[in-house]
Amino acid sequence: MKVLVLNGPNLNLLGKREPEVYGSQTLTDIIESLHLEAADLNIQLSHLQSNREYELIEKIHESAGEIDFIIINPAAFTHTSVALRDALLGVAVPFVEVHLSNIHKREKFRHHSYLSDIACAVICGMGAKGYSFALQSAAQFTASKD
Ligand code: DQA
């Protein structure tokens, strides 16, 4: 099974960026431990972090027919991007939306997501563990397809 992890803008700053909100782990830490978990689950993991919306969109396009499941933290694009929504609908690759923080406990503009109603699941407020839960759910998703 192939899983693509996508991280949106400013998530390259994890560790330094508002650690009281996003935790002290860097994105490299998170992705390294996700790779270890993926190996145990027999999952082939690939990852892209980008601050550019078009790069995320192009990666989603490339995933059609290649990737079984997407784990995406769209970061600020969550609240703005019809284009990311359309890309995910366009390729029809199932996905889980992850947020480190509980976006519903924060400013009102973070409460709305352009992706949540088309996601298999949304995990927020669990910190970096959210990615791990998403990975476990990806494996379950394939199991339920067989
Ligand atoms: C975030 C929440 C978003 O509102 C914010 O813009 C981010 C990170 C999170 O992981 O909690 O950049 O997606």
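Please treat every number below as a calculation from the coordinates, not as lab data. Keep in mind the model is a prediction, meaning the values are calculated, not measured. FYI the Cβ positions are ideal-geometry reconstructions off the backbone, even for glycines, and counts take in every protein chain you see.
Couple of notes before you dig in:
- Computed magnitude of the charge dipole of the stretch 5-143 (debye, nearest 20; Cβ of K, R +1, Cβ of D, E -1): 520 debye
- Non-local Lys pairs in the chain, i.e. 8 or more apart or on different chains, that have alpha carbons under 28 Å apart: 12
- If R0 is 22 Å, the Cβ-Cβ spacing of Glu18 and Val82 corresponds to a FRET efficiency of close to 0.25.
- Kyte-Doolittle at least 0.0, axis length at least 18 Å by Cα - qualifying DSSP helices, the chain: 27-40
- Counting beta carbons within 10 Å around each of Asp40, Asp86 and listing the fewest first gives the order Asp40, Asp86.
- Panel order for Leu89, Leu56, by other beta carbons found within 10 Å of each beta carbon, from fewest to most: Leu89, Leu56.
- Estimated 222 nm signal from helices in the chain, with DSSP H stretches of n ≥ 4 weighted -39500 (n - 2.57), rounded to 500: -11500 deg cm²/dmol
- Note on His112, His79: ascending count of other Cβ atoms within 10 Å places them as His112, His79, the fewest first.
- Neighbour net charge for Arg85 - beta-carbon separation under 14 angstrom, K R +1, D E -1: -4
- Between the stretch 47-92 and the stretch 93-138, the Cα center-to-center distance that results, in Å: 14 Å
- Taking a point 7 Å out from the Cα of Phe109 in the direction of its Cβ, the residues of the stretch 1-20 whose backbone N falls within less than 16 Å of it are 9-10.
- Approximating the spin labels as points 7 Å out from Cα along Cα→Cβ, the Tyr54-to-Thr28 distance works out to 2.9 nm.
- q = 0.08, 0.16 Å⁻¹, the chain: log10 I(q)/I(0) [Debye, one scatterer per Cα]: -0.19, -0.80
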